[in-house]
1. Considering only residues of the range A:9-61 that are within 15 Å of ligand 2 (Cβ to nearest atom) and assigned to a loop (DSSP other than H, G, I, E, B), which is surrounded by the fewest Cβ atoms within 10 Å (Cβ to Cβ)?
2. So which pairs qualify, if the first residue must be in the range A:188-216 and among the acidic types (Asp, Glu), the second must be surrounded by fewer than 19 Cβ atoms within 10 Å (Cβ to Cβ), the Cβ gap must be under 7 Å, and the two must be at least 6 apart or on different chains?
3. Evaluate the range A:88-97: report whether one residue or more is more than 30 Å from B:Leu152 (Cβ to Cβ) and small (Gly, Ala, Ser).
4. Give the residue that is modelled with the highest pLDDT, with candidates limited to residues of the range A:73-90 that are under 24 Å from A:Leu48 (Cα atoms) and hydrophobic (A, V, I, L, M, F, W, C).
5. Of all the helices (runs of 4 or more DSSP H) wholly in the range B:145-232, which have at least 1 residues that are among the hydrophobic types (A, V, I, L, M, F, W, C), in contact (Cβ under 8 Å) with a residue 12 or more places away in the chain and within 11 Å of chain A (Cβ to nearest Cβ)?
6. List the number of the failed condition for B:Thr164; all other conditions in (1) modelled with pLDDT of 90 or more; (2) surrounded by fewer than 19 Cβ atoms within 10 Å (Cβ to Cβ) hold.
7. Which one of A:Val216, A:Val243, A:Val223 is among the hydrophobic types (A, V, I, L, M, F, W, C), closer than 23 Å to A:Cys14 by Cβ and surrounded by 14 or more Cβ atoms within 10 Å (Cβ to Cβ)?
8. Pull up the range A:152-183, narrow it to residues that are among the acidic types (Asp, Glu) and more than 16 Å from ligand 2 (Cβ to nearest atom), then point me to the one that is nearest to the other protein chains (Cβ to nearest Cβ).
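The values are calculated or read from the model by the stated rules, or taken from the named source; none is laboratory data. Only a predicted model underlies this, so the values are computations on that prediction, with no experimental measurement involved. Ideal geometry is used to build each Cβ from the backbone, glycine not excepted, and the neighbour counts take in all protein chains shown.
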Amino acid sequence: MIGEVLVECAHMSCAYNSTLAIKNVDFTIRKGDFVGIVGPSGSGKTTLLKAILGAITPIEGHVTKKPQLRMGYVPQVESVDWNFPVTVLEVVVMTRSAMGRLPRVTKDERAGASLVLERLGLGGLENRHIRELSGGQQQRVFVARALFHRPELLVLDEPTSGVDVRTRHEVLHLLADLHDEGVSIILSTHDLNGLAAHLPRLVCLNSEIIADGSPVEVLTPEVLEKTFGAPMEVLIHGGMPVVVDGVGADIAERMSRLG
Amino acid sequence: MSFVLSGIFTPFHYQFFNNGIIVATIAGALCGLLGVFVVLRGMSYIGHGLSHAVFGGAAASAVMNINYFVGAGVWGVASGVIIGRIARRRLIGADAAIGVVTTASFALGLALLNRYGQAKKSIEAVLFGSVLGVNTIDIVAVSAVAVLSIVLIVSLYRAFLFATFDPEVAQVSGVRVAWIEALLMGLLSLTILVTMRVIGTLLISALLVIPASVARMLTNSFARMLWISPVIGAVSSFTGMYLAYFLDTSASATIILTGTLMFIVVYTVTGLRGRTRISGLHHI
Ligand SMILES: Nc1ncnc2c1ncn2[C@@H]1O[C@H](COP(=O)(O)OP(=O)(O)O)[C@@H](O)[C@H]1O
Ligand SMILES: [Mg+2]
C-alpha cells in the first residue's frame, strides 16, 4: 500500500551564496515513510531537511507539500544555543508563538506540555534550564517541542549524534513508537550501523542522491564508496547489513606489526 | 545633621539635574530592555555601530539646521535597517562591513562639525553626553520610546523569544522573523537616538550590554531577564547620575562605572556560589 504524498522535491538544487550545496534532488516522502538520509558531513543533509521544511528556498526546481502539512523539526543538538535563558517548558510551548501572544504560559499549554514531556520521560523537568539536562534529555526536549503540535511529519537532524549507546536505543525506540502511531519520519544521520541499517528506507546523499531504497539495496560497497568517498565493506549479520570501514583491515594489519 | 541631609538633596534643587536624572533613569531602563536582545544575540557591535552611525546624523542635522530628532532619526533608522539586512545574511565579515559603514558615518559627522560646526563643545557633548542640554522634549521622547518598546515586546513576546532563540524554526512556524528583526533594529535605533544626548555616542553601547549581562548572570529565564535588566539599567543610571554631581565627574562615565561595579559584584557572587549552586538559580 502506497501512502499519500506529503512532500515532493523535483529537480531541486540549493545553494549558499552561489555555492551549490545539493543539486538536482528528486525525492518523495509519503505518509507512513520512515526515511534516513545518510551521507558524510558537508554532504547536504541539513540543507535537504531545511528545504523540505521550507526554511531554505531552492534556487532550482521546487518543493511541493501536502496543503496544511504539519511538520515538527528537531534541529541538530550542536546548532542550539544552550546558554540561552529558556526553561524546558518555554522551549516546548515555543511553537505556539503564532497563537498565544502574552508571556504567560496558559494552563492548557502547561497541561499539554506536561503530557508530552511525561511520555518522553522528561516529567517534572519543566522548570529546568535547558543546559542542566543530560545529552539525551536535551535531544528529547526538542522532540517534545516538535511533538507538541502533533506533526504528521517529524523531521530530525542527526538525532543520535553525540549520544551514548543507551540513549541512541531510547531515541530509536521512541521514533519507532511514534511511527507506529502514524507519524511519518525523516531523519539524517552519518551513523550507518547504529541507526541507518535499522530503518526501512535510506537515501544516500553526497550533494546528489546516490541511491534510494532499503538498507539491503543501498548499503553496498559501490554506493558507500560513492557516498562517503572512502572504501567500505559490507557484511551481512543476522540478515542485516553491517558496514565495515575498508581502511580498518589495513590499519589493523599495520597496528599488529607495531605490537 | 540637617546640613548633611539637605546636602543629599541639593542636586534636586536644580531643574537641569532633575531633567537629566529623569532622562538618564528612563534611558537606563530602556537600554536594559533592548540590551537583552543585544546580549543574547551576541551583537553588541551593532549597538556600538548604530551609535556611531547616529552621530553622523546628529552632526549633519546640526550643520544643516534640521531638528536633531528628525535628522538623526531618519539617518539612524535607515542605518539600523541596513545593518539588520547585512547581519541577517551572515556573510563572513558582516561585522567588518558594519564597522566600515558606521565608522564612515561617524567620520563624516566629525568632518562636518569640524568644517561647519560652531563650537568644539557641541562635539564633546555628543561624544560624551551632557545633562545641561536636556529639556522636556528629551523626557517626552525617551518616555515615548520606552512605552512603545514595552508595549511591542510584551504583546509580541513569544515571537521575539522564538525569533531570538531559533530564527529558522520560528520562520517555518509562522513567525515573521524578518519583520521582528526589523522591528528590533528600529527600536534599537530609536533607543540610541533618544538616549544619546545624555549618555553620549561613545558609552551608549556599554549601557546596552552591562545591565543585560548582569541580569543574565542572575537568572536563567528570558521573561525574568526582561524586567531584571531594565531595573539594573535604571538603578545604575540613577545612582551614577547622582554620584556624578558630588564627584564632579562626567555623568555618562559615572553611570557606566556604577554598572560595571554591579557587574563585578554579581560576577564575583555568582562565581563564589559556584557551578553547583547555579542550578538553584533558576527560581530567582
Ligand atoms: N549557512 C551556510 N553558509 C554557507 N555554506 C553553508 C551553510 N550551511 C552549509 N553550507 C555548506 O553547504 C554544504 C552542505 O552543508 P550541510 O547541509 O550542513 O551538510 P551536512 O548536514 O550533511 O553536514 C557544505 O559544503 C557546507 O559547507
Ligand atoms: Mg548537518
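1. Taking the range A:9-61 first, the residues within 15 Å of ligand 2 (Cβ to nearest atom) are A:14, A:16, A:21-22, A:36-53, A:55-56.
When the remaining residues are screened for being assigned to a loop (DSSP other than H, G, I, E, B), the result is A:39-44, A:55-56.
On the way: A:Gly39: 22, A:Pro40: 14, A:Ser41: 9, A:Gly42: 11, A:Ser43: 24, A:Gly44: 23, A:Ala55: 17, A:Ile56: 21.
By that ranking, first place goes to A:Ser41.
2. A:Glu208/A:Lys23; A:Glu208/A:Asn24
3. Residues of the range A:88-97 that are more than 30 Å from B:Leu152 (Cβ to Cβ), as a first pass: none.
Scanning the range A:88-97 turns up no residue that is more than 30 Å from B:Leu152 (Cβ to Cβ) and small (Gly, Ala, Ser).
4. The first filter runs over the range A:73-90 and keeps only residues under 24 Å from A:Leu48 (Cα atoms), leaving A:73-81.
Remaining after also requiring hydrophobic (A, V, I, L, M, F, W, C): A:74, A:77, A:80.
Details: A:Val74: 92, A:Val77: 85, A:Val80: 89.
For the range A:73-90, the residue satisfying everything is A:Val74.
5. Values: elements: B:157-165, B:167-172, B:177-199, B:204-218.
Where helices (runs of 4 or more DSSP H) fall fully within the range B:145-232 and carry at least 1 residues being among the hydrophobic types (A, V, I, L, M, F, W, C), in contact (Cβ under 8 Å) with a residue 12 or more places away in the chain and within 11 Å of chain A (Cβ to nearest Cβ), they are B:157-165, B:177-199, B:204-218.
6. (2)
7. Working: A:Val216 fails: closer than 23 Å to A:Cys14 by Cβ; A:Val243 fails: closer than 23 Å to A:Cys14 by Cβ.
Among A:Val216, A:Val243, A:Val223, only A:Val223 is among the hydrophobic types (A, V, I, L, M, F, W, C), closer than 23 Å to A:Cys14 by Cβ and surrounded by 14 or more Cβ atoms within 10 Å (Cβ to Cβ).
8. Step one: list which residues in the range A:152-183 are among the acidic types (Asp, Glu), which gives A:152, A:157-158, A:164, A:170, A:177, A:180-181.
Checking which are more than 16 Å from ligand 2 (Cβ to nearest atom) leaves us with A:152, A:164, A:170, A:177, A:180-181.
Numbers: A:Glu152: 14, A:Asp164: 22, A:Glu170: 23, A:Asp177: 23, A:Asp180: 26, A:Glu181: 22 Å.
Ranking the qualifying residues of the range A:152-183, first place goes to A:Glu152.
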